[in-house]
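Quick notes on the structure that follows.
The values are calculated or read from the model by the stated rules, or taken from the named source; none is laboratory data. These figures come from a predicted structure and were not determined experimentally. All Cβ positions, even for glycine, are placed from backbone atoms using ideal geometry, and neighbour counts span all protein chains on display. Areas reflect the complete protein model, heavy atoms only, side chains present, ligands, DNA and RNA absent. Shrake-Rupley method; radii C 1.70, N 1.55, O 1.52, S 1.80 Å.
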Amino acid sequence: MGVDLSQRLVPDGLWELVAPLLPSFSSRPQGGGTAPCDERAVFTAVAYVLTSGCAWRHLPETFGVSPATAHRRFTAWTRAGLWRRLHRAVLDELGARGELDWASAIVDAASVRAKRGAR
């Protein structure tokens, strides 16, 4: 993977916020389990899939991470609440720098069809 793409997807400042939030993975005592791999490479591969719209199975080999590994880690990180904690860490960092402007904000909502019948 090109260094430029890697740095653009996960710059050093973002990685400094992400790294301490990642859950640790360890091998099982009986062997097997999660193989050690470069967590930054996995996170960068996941960021690529999420920002490009690429299907997991089409993840380029240049990331050095198999599509299955990237997807498994994404699923594990989602279950561990990584994305919520990372969002909070980014907001805290931007707030500490005075770079948050709450003068305008976008609210996203979903519409649900109302039930028919009496109110």
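Just a few scattered comments:
- Where a residue in the range 37-56 is touching a residue at least 12 places away in the same chain (Cβ under 8 Å) and its partner, wherever it lies, is among the polar types (S, T, N, Q) and part of a helix (DSSP H, G or I), with Cβ under 7 Å and at least six apart: Cys37/Thr69; Val42/Thr69; Thr44/Ser6
- Scan the range 57-69 for residues that are at pLDDT below 95 and part of a helix (DSSP H, G or I) and the total you get is 5.
- From the options Phe63, Phe74, Phe43, residue that is more than 13 Å from the chain's Cα centre (by Cα) and aromatic (Phe, Trp, Tyr): Phe63
- Residue satisfying condition, being more than 17 Å from Leu17 (Cα to Cα) and not in a helix (DSSP H, G or I), within set Arg113, Arg73: Arg113
- Here the range 38-56 is the region considered, the condition is being open to solvent by 30 Å² or more (accessible area, probe 1.4 Å) and assigned to a helix (DSSP H, G or I), and the residue that is farthest from Val10 (Cα to Cα) is Trp56.
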